[in-house]
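The values are calculated or read from the model by the stated rules, or taken from the named source; none is laboratory data. No experiment lies behind these values; they were computed from the predicted model shown. Counting neighbours? That spans all protein chains shown, and the Cβs are built from the backbone with ideal geometry, glycine included.
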Amino acid sequence: MDAIAQKKYDQIIGKLKKDGIRVTNIRSEVIKAIITTDHPTINDIIKIVEKTSANTNVMSVYNTLNLLLEKHLLFANTFNGKQIVYEIQDVKSVHLKCDSCLAIQHLDDQELQVIDESRLKQLAQNHQMTFDHFKIEIHGLCQKCYQKAT
Ligand SMILES: [Zn+2]
Ligand SMILES: [Zn+2]
């Protein structure tokens, strides 16, 4: 894992420990797999974990995902309306989706710095809601599909 991935990993482990949750080997491997893979499905995660730990119990992979979802540490997204893909929850989450080939691009933390969430916080407050995070999906055509269409 690179430094950014390691930081994310440490944050999640820290939150789990704070809640008194034991970080078993399988839990640690599932979290690593999600951090280091772009939008993995459950099957992707199982395949990755099986490589690093022998005798992977598929049920514990499911249980870990449920635990992370319950703790609001994980997003379960669907980009094609069928498959669920996972990623670590962030305050800012923006994806670009091509409506023709359904390709997904994920904006990284540095790109997201241009987005100031204070107006969204204000909108939430207007509706007596606290603000925790936001998710945006930008739709359009990718360069390839745009060129095909014109
Ligand atoms: Zn496209
Ligand atoms: Zn993403």
Inset, instruction - For Asp44, state whether it is in contact with a strand residue (DSSP E or B) (Cβ under 9 Å, 6 or more places away or on another chain), under 24 Å from Ala3 (Cβ atoms), surrounded by fewer than 18 Cβ atoms within 10 Å (Cβ to Cβ) and charged (D, E, K, R). - result: yes
Inset, instruction - Please enumerate the residues belonging to the range 7-51 that are under 16 Å from Asp90 (Cβ atoms) and in a helix (DSSP H, G or I). - result: Lys7, Lys8, Tyr9, Asp10, Gln11, Ile12, Gly14, Lys15, Ile31, Ile34, Ile35, Thr36
Inset, instruction - Working only within the range 85-102, note down all residues that are among the aliphatic types (A, V, I, L, M) and surrounded by 14 or more Cβ atoms within 10 Å (Cβ to Cβ). - result: Val85, Ile88, Val94, Leu96
Legend entry - Out of Asp90, Asp44, Asp116, sole residue that is modelled with pLDDT under 95, within 19 Å of the chain's Cα centre (by Cα), within 30 Å of Gln143 (Cβ to Cβ) and of a type outside the set (A, V, I, L, M): Asp90
